[in-house]
Each structure stands twice: as C-alpha cells, then as structure tokens.
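The values are calculated or read from the model by the stated rules, or taken from the named source; none is laboratory data. Keep in mind it's a predicted model, so treat the numbers as computed, not measured. Quick reminder, even Gly has a Cβ in these numbers, built from the backbone with ideal geometry, and neighbours come from all protein chains shown.
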Amino acid sequence: MSTLFEKIIAREIPAKIEHEDDQCIVIHDIDPQAPTHFLVIPKQLIPRLAEAPAENQAVLGHLLLTAAAVAKKLNLEGGFRIVINNGKDAGESVPHLHVHVLGGRPMAWPPG
C-alpha cells in the first residue's frame, strides 16, 4: 500500500508543488500552521527519522539543504522553523519521513 506522499510523488493525488528534483519533492501543506508551511519529502520511502539507516545520510542532508533553499525562495529571511515528527506521540500522521518548514510569522517557544 502506498503512502499519501508516494501517491503525490506518482501524481495520483494533486498537490501544490513548489520544487522537485531527483531526491525530493516540496509541496505546500494542505492545512498550514503558518502563513508559509511546506513539506520537504524524500522520494525514497523512509518511514520515519528513527528508522533511517546510515546509508540515508546524503538524502537526509539534501532534505535540509532543500528546505533552506526553498525558504529563501519564498522570502522567509526573517526566519523559519523546521519540524520532523517521529512517531504517534510526536504527531506523525503519515509514515513517510517529511520535513515541515513553517515561517512568515514569529514562532513561540516551547513549540508544543
């Protein structure tokens, strides 16, 4: 069974795509929690960060560098927050690693 994100990558489900390359896709969140809220999703299925093997080091780094590049493109020069949910207690809703990038407003601390 495919995850929601695998279906988006395969174009079986529509999404507002901001960026795509050979390793990842960047889409706008359908339930944004900030004025700018996008997801950076690896094309390779990695269920969650805690399950990523050492061989995924390059793609994990690519996700963060892509997040920063897209944040710059979307004018988040005032700052942005990166969130990766890992497991049910953290709010993980799709078992496919993805990086939330939120910006466009001041962020509070603690976040949750």
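Structure data summary
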| item | result |
| --- | --- |
| Residue in segment 87-102 that is more than 21 Å from Ile30 (Cβ to Cβ) and surrounded by 11 or more Cβ atoms within 10 Å (Cβ to Cβ) present | yes |
| Qualifying position, being farther than 18 Å from Pro95 by Cβ and small (Gly, Ala, Ser), among Ala34, Ala50 | Ala34 |
| Subset of segment 88-106 that is in contact (Cβ under 8 Å) with a residue 40 or more places away in the chain and in a loop (DSSP other than H, G, I, E, B) - its residue that is nearest to Phe38 (Cα to Cα) | His98 |
| Residue list for segment 33-48, restricted to those being of a type in the set (A, V, I, L, M), in a loop (DSSP other than H, G, I, E, B) and within 8 Å of His96 (Cβ to Cβ) | Leu45, Ile46 |
| Residues of segment 54-77 classified as in a loop (DSSP other than H, G, I, E, B) and modelled with pLDDT of 95 or more, total | 3 |
| Test set (1) without any contact (Cβ under 8 Å) to a residue 24 or more places away in the chain; (2) assigned to a helix (DSSP H, G or I); (3) not small (Gly, Ala, Ser) - Pro110 fails condition number | (2) |
| Options Ala52, Ala15, Ala58, Ala67; residue that is more than 12 Å from the chain's Cα centre (by Cα) and under 27 Å from Pro110 (Cα atoms) | Ala52 |
